[in-house]
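> Below is a structure I'd like to ask you about.
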Amino acid sequence: MIAPVLMAPMHSSMCTPLRTINDSLSHRRRYMKHNFPIEYTIKVHNREIFRLSNISRMKLRTEELNDLVLQRLWFQVYQGVLKKILWVLPTRHPSRPYTAELERRFKDAQAVFMQSHPAEVFQEDLPEKIQDIWDSLTEKPENMPESSWRFATPKSLLDNLCRTMYCLFSECFSNADVQEDYCEVSHWRKGRKKDMQPES
């Protein structure tokens, strides 16, 4: 059972840019799978393999962890992920315009997120475990040991982006008629009706 956490209020202004990101993510199979060689992977920091299970562990192991801190970390993680995907794409690659547009929409959402909270919120100290993750994400690549790197497919990275977005910003995607726990891995398992989840 996940320990109770302090919930950060969701500003309604966040929902429009996040839903715009979600619209782009609905096409990720085409652009992040079909346009790449089979089993093609890119090199990312191991902290950028950011799944629902990571969120669950952090909530269990970090006292008084609120969603605002996790949302800040989510933006930090995925701005790096999108940069790395773009970096490997040649100028004329068919997935480059899609990825560039997704990155632009992500930056727009991040800007709204920053504007939705008082500046002092982002000056507060992070919990130690979260600060350790943050520091590792902002470390210069040449200073990191080889063990800090992992290989992942572009589509799996965007799958993780989508699922963790639904988990951390669930108020923007909740259906009043159907109660769904987007932080549960079981929600995303195959076999569910397509209208109950984004494309994966």
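> Which of the residues belonging to segment 38-48 are surrounded by fewer than 17 Cβ atoms within 10 Å (Cβ to Cβ) and over 17 Å from residue 87 (Cβ atoms)?
38, 39, 46
> Of the residues that sit in segment 88-102 and are in a helix (DSSP H, G or I) and touching a residue at least 24 places away in the same chain (Cβ under 8 Å), which one is surrounded by the fewest Cβ atoms within 10 Å (Cβ to Cβ)?
For segment 88-102, the residue satisfying everything is 101.
> Could you list all residues from segment 58-88 that are within 9 Å of the chain's Cα centre (by Cα) and charged (D, E, K, R)?
The answer is none; no residue qualifies.
> While we're here: In a helix (DSSP H, G or I) and modelled with pLDDT under 95: is that true of residue 1 in this structure? First the steps, then the outcome.
Details: in a helix (DSSP H, G or I): no; modelled with pLDDT under 95: yes.
So residue 1 fails the test.
> Then there is this: Between 50, 75, which is under 17 Å from residue 164 (Cα atoms), assigned to a loop (DSSP other than H, G, I, E, B) and at pLDDT 95 or above?
Residue meeting the stated conditions: 50.
> Still on this structure: Just one of 103, 120 is under 15 Å from the mean Cα position of the chain (by Cα) and more than 20 Å from residue 46 (Cα to Cα); which is it?
Going through 103, 120 in turn, just one is under 15 Å from the mean Cα position of the chain (by Cα) and more than 20 Å from residue 46 (Cα to Cα): 103.
> Which members of segment 136-166 meet the condition of being part of a loop (DSSP other than H, G, I, E, B) and more than 17 Å from the chain's Cα centre (by Cα)?
Within segment 136-166, 139, 140, 144, 145 qualify.
> Taking only segment 7-47 into account, find how many residues are assigned to a loop (DSSP other than H, G, I, E, B), closer than 20 Å to residue 76 by Cβ and at pLDDT 95 or above.
Looking only at that region, the number is 0.
> Here's something else I'd like to know. Looking at (1) over 19 Å from residue 165 (Cβ atoms); (2) of a type in the set (A, V, I, L, M); (3) in contact (Cβ under 8 Å) with a residue 24 or more places away in the chain; (4) in contact with a Lys or Arg (Cβ under 7 Å, 6 or more places away or on another chain), which is the one condition that is false for residue 44?
The single condition residue 44 does not satisfy is (1).
> In addition: Please verify whether residue 79 is touching a residue at least 12 places away in the same chain (Cβ under 8 Å), crowded, with 18+ Cβ neighbours inside 10 Å and within 29 Å of residue 128 (Cα to Cα), treating the condition exactly as stated.
It is false that residue 79 is touching a residue at least 12 places away in the same chain (Cβ under 8 Å), crowded, with 18+ Cβ neighbours inside 10 Å and within 29 Å of residue 128 (Cα to Cα).
The values are calculated or read from the model by the stated rules, or taken from the named source; none is laboratory data. Worth saying up front: this structure is predicted, and the values here are computed from it rather than measured. For neighbour counting, all protein chains shown are included, and Cβ atoms are generated from backbone atoms with ideal geometry for every residue, glycine included.
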